[in-house]
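Every read-out reported here was derived from the displayed coordinates using simple, explicitly stated rules and does not represent laboratory data. Just so you know, these numbers come straight off a predicted model, no measurement behind them. Positions of Cβ are backbone-derived with ideal geometry, glycine not excepted, and every protein chain shown enters the neighbour counts.
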Amino acid sequence: MDSLNLKFPIIYLFTVGIANIGGWIYLLAINLMVLEETGSALAVSALYIIKPITQLLVGPWAGSVIDRVSTKHMMVTLDVIRAMLILFIPFSDSILIIYILVFFIQMAGAIFEPASFTYMTLLLPENIRNRFNAILSFVHSGAFVTGPLIAGVLFMIGSLKEALFVNVVIFLVSAAITLFLPKKMSSATIENSKITWMNIRDDWHLVVHFSKKAIPFFVIYMMFQTVMLMTAALDSMEVTFAKKVLHLSDTAYGSLVTIAGIGFLMGAVFTNILVRFAPAKLLMGLGTLLVSVGYVIYSFSSTYLLASIGFFVLSFFLSISNTGYMTYIQSNIPTEMMGRISSLYEMLSSSIQIVVILFLGLATHWFSVKEVVISGSILMFCVAFYLTLLSANQMKKKLVK
């Protein structure tokens, strides 16, 4: 690639890094704030149910919009909206209002994620996507390390509410940097550019038709998403597990997440070597299986040291599995349908995620938090093992052909 073509991917990576740091500060602050206000694991779990609910609400139409507008300007607008909504949280004394604000923040995020992924796919030539995704994992890992670290420092020198003010500034900076990126629109903008309910309905039919033609891809996609929704469900128990089972302080909890970030960082470095030799399916399959092993170690932990090992293992291989996954779907979904397919698929997986998170949250009232986390991690391992078998089987069939 020449320097001009390299310039914009670098800017994109920079905006992703900044936004992810802000995302970690927001996540840790809002989790601890709700736990302090309510003292309830179920109340914290409710925060994780909000995201899939918003994805259910925006999924039917967001992809149709993403594939027909400037994704760059959509990303900027959504960053500003999230910053303004977070600004109101520190001034709210009502847990209900906090949940409402979180709901709209997550709604903006539910649109931002497929928009950002679609923009990235349009920005990158196909021949560098695998390597770029590995570098992107490295950027995510850097945020994974620095985000919780910055959050821990902010918690020590100030309050949770003051940390959210920093988060507002970070999202605004991310929006400002995004303005330097080129405008990118998919070929779907050439025709049927108007957003009407009839066009949205036609888009649903196109996605269904694509899925029927690409059943092996759809099955692997959903298996990977099932593992990821299990990680989200277990993450909803994470702060409660750390505080009530491991008896960690806010600072110690932040350092535990930082250790996971170091694992993610090292995994990203290793991924940049692996992508030169290993196919995307292998990275996705084995990476996901070993992520689940890390969760099993974490779930059986009773000390800070063992939990740290579990966090390190799961985050190390999360970088590898995510790189394989991103390259796999970029190679199998047409760019002109990327927004619609990813949004509707996310909506489908979100409906499952809501059920799982609700079930685990309610299960903590019947069983201990540790028993629930152990059961969830074992189930995740079983699904990940099946995904690995499916990926290996498809790779074997290609080799035979």
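Observations
- Loop-located chymotrypsin sites (Phe, Trp or Tyr not before Pro) in the range 215-279 (DSSP state not H, G, I, E or B) with no more than 14 neighbouring Cβ atoms inside 10 Å: 277.
- Convex hull of Cα atoms in the chain, direction-averaged projection (nm²): 18.9
- Mean-square fluctuations from a GNM of the chain, with a 10 angstrom spring cutoff on Cα atoms, peak among 111, 215, 30 at 215.
- Paramagnetic label reach from residue 197 (point 7 Å along Cα→Cβ; backbone nitrogen cut-off under 20 Å): within the range 49-93, residues 56-66.
- Cross-link pairs beyond the 31 Å C-alpha cut-off, checked among 7/51; 161/281; 51/183: 7/51; 161/281
- For the chain, calculated [θ]222 nm from helices alone, where every DSSP H run of n ≥ 4 adds -39500 (n - 2.57): -29500 deg cm²/dmol
- The range 16-99 pair-distance distribution - Cα-Cα, 5 Å bins, rounded %: 3, 11, 17, 23, 21, 14, 8, 3, 1
- Label sites at residue 277 and residue 331, each approximated as a point 7 angstrom past Cα along Cα to Cβ, lie 1.7 nm apart.
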